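Engineer: Once you've had a glance at the structure underneath, I'll fire off some questions.
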Amino acid sequence: MDIKFEGKRALVTGAGKGIGRDIAKALVKCGAKTVALSRTEADLASLKAECPEIDTCCIDLSDWAKARSTIESLGHFDLLVNNAGVSRVGPFLDVKEEDIDFVFGTNYKSLFNVSQTVAKSMVARKSGGAIVNLSSAASKQALQDHAVYCSTKGAVDSLTSVMALELGPHKLPIINKNQVPCFITLATMSLHNSWSFVTVSLVGPVSG
């Protein structure tokens with residue numbers, strides 16, 4: 001399949017390493033004007049050196065107000081990929097409040113904030129678009145010592161469903177897919193339609 005994103009703008013969170021980095025580079029290759037977000041400047045610098053066409057933005061998404069204002073300043077996006085994620089591993093009985101706040105702050109709260117900010121622009125412009133929330137098999141399968149992480153991914157799945165329900169009146173086709181390699185194809189399909197909210201489940205770490 002010849003996938004083309006010319007004329008489209010894409011935003012990828014957690015793009016400094018791993019899955020997010022590869023997604024950002026793939027979007028550039030498909031012609032999208034892509035902005036890569038990460039909290040680590042060194043990762044963004046190496047990404048820029050590897051892929052000069054990409055735009056980068058260093059920001060800690062756990063800062064709600066700053067993240068919101070920064071993303072608004074970046075302009076309108078046609079595609080958002082919520083990839084940023086963290087984890088703290090430990091037995092359920094040993095989990096502390098700060099562990100819950102840290103993991104939920106990135107995996108759920110930041111995703112909610114970024115999605116809302118980008119979606120408001122999409123709705124206001126009536127331009128359509130796509131939002132891809134990377135989830136995990138851990139949302140439905142219990143993993144030893146991952147009580148907090150599994151909970152955040154379950155929350156992401158639930159949020160994605162609610163987003164789709166509430167934005168349905170804007171003529172948004174809903175696509176649910178559990179295979180990461182299908183991400184770009186699904187995003188392409190959604191951009192050819194009005195809107196789409198995609199939940200992608202995966203096994204393995206995601207990074208910010």
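Engineer: What single numbered condition from (1) more than 13 Å from the chain's Cα centre (by Cα); (2) buried (at least 18 other Cβ atoms within 10 Å of the Cβ); (3) free of Cβ contacts under 8 Å to residues at least 40 places away in the same chain; (4) not in a helix (DSSP H, G or I) fails to hold for Asp60?
Structural biologist: So Asp60 meets the others, but not (2).
Engineer: Quick test of your reading of the structure: Val35 fulfils all but one of (1) closer than 23 Å to Phe102 by Cβ; (2) surrounded by 14 or more Cβ atoms within 10 Å (Cβ to Cβ). Name the failing condition by number.
Structural biologist: Here Val35 meets the rest and fails (1).
Engineer: Looking at (1) farther than 18 Å from Gly20 by Cβ; (2) out of contact with any Asp or Glu (no Cβ under 7 Å at 6 or more places or on another chain); (3) among the hydrophobic types (A, V, I, L, M, F, W, C), find the lone condition where Val148 falls short.
Structural biologist: The number of the failed condition is (2).
Engineer: If Ala124 meets every condition in (1) under 19 Å from Arg21 (Cα atoms); (2) free of Cβ contacts under 8 Å to residues at least 24 places away in the same chain apart from one, which number is that one?
Structural biologist: Evaluating Ala124 over (1) under 19 Å from Arg21 (Cα atoms); (2) free of Cβ contacts under 8 Å to residues at least 24 places away in the same chain leaves (1) as the failure.
Engineer: If you don't mind, another one. Can you say whether Ala49 is open to solvent by 70 Å² or more (accessible area, probe 1.4 Å), of a type in the set (A, V, I, L, M), more than 22 Å from Ser139 (Cα to Cα) and more than 17 Å from the chain's Cα centre (by Cα), as far as the supplied structure shows? Please lay out each step first, then the result.
Structural biologist: On the way: open to solvent by 70 Å² or more (accessible area, probe 1.4 Å): yes; of a type in the set (A, V, I, L, M): yes; more than 22 Å from Ser139 (Cα to Cα): yes; more than 17 Å from the chain's Cα centre (by Cα): yes.
Against the criterion (open to solvent by 70 Å² or more (accessible area, probe 1.4 Å), of a type in the set (A, V, I, L, M), more than 22 Å from Ser139 (Cα to Cα) and more than 17 Å from the chain's Cα centre (by Cα)), Ala49 qualifies.
Engineer: Moving on. Can you tell me which residues in the range 4-60 are in contact with a Lys or Arg (Cβ under 8 Å, 6 or more places away or on another chain) and at positive phi?
Structural biologist: Passing the criteria: only Gly31.
Engineer: Let me ask another. Out of all the residues in the range 157-175, which are at pLDDT below 80 and either in a strand (DSSP E or B) or within 18 Å of Phe104 (Cα to Cα) (or both)? Explain how you work it out, then say what you get.
Structural biologist: The initial filter retains those residues of the range 157-175 that are at pLDDT below 80, namely 167-175.
Of everything in the range 157-175, those that are at pLDDT below 80 and either in a strand (DSSP E or B) or within 18 Å of Phe104 (Cα to Cα) (or both) turn out to be Ile174, Ile175.
Engineer: Restricting to the range 40-57, name every residue that is among the acidic types (Asp, Glu) and in a helix (DSSP H, G or I).
Structural biologist: Step one: of the range 40-57, the residues among the acidic types (Asp, Glu) are 41, 43, 50, 53, 55.
Those that are among the acidic types (Asp, Glu) and in a helix (DSSP H, G or I): Glu41, Asp43, Glu50.
Engineer: Quick check, is Arg88 basic (Lys, Arg) and more than 22 Å from Ser139 (Cβ to Cβ)?
Structural biologist: So Arg88 fails the test.
Engineer: Among what's in the range 123-156 and is at pLDDT 90 or above and open to solvent by less than 30 Å² (accessible area, probe 1.4 Å), pick the residue that is nearest to Phe92 (Cα to Cα).
Structural biologist: If we take residues in the range 123-156 being at pLDDT 90 or above and open to solvent by less than 30 Å² (accessible area, probe 1.4 Å), then Val148 is nearest to Phe92 (Cα to Cα).
Engineer: Which one is nearest to Phe5 (Cα to Cα), of the residues in the range 63-119 that are open to solvent by 40 Å² or more (accessible area, probe 1.4 Å) and not in a helix (DSSP H, G or I)?
Structural biologist: Leu74
The values are calculated or read from the model by the stated rules, or taken from the named source; none is laboratory data. The shown structure was predicted, so the numbers you read here are calculated from the model rather than taken from an experiment. All Cβ positions, even for glycine, are placed from backbone atoms using ideal geometry, and neighbour counts span all protein chains on display. Heads up: the accessible areas ignore ligands, DNA and RNA and are worked out on the full protein's heavy atoms, side chains in. Shrake-Rupley method; radii C 1.70, N 1.55, O 1.52, S 1.80 Å.
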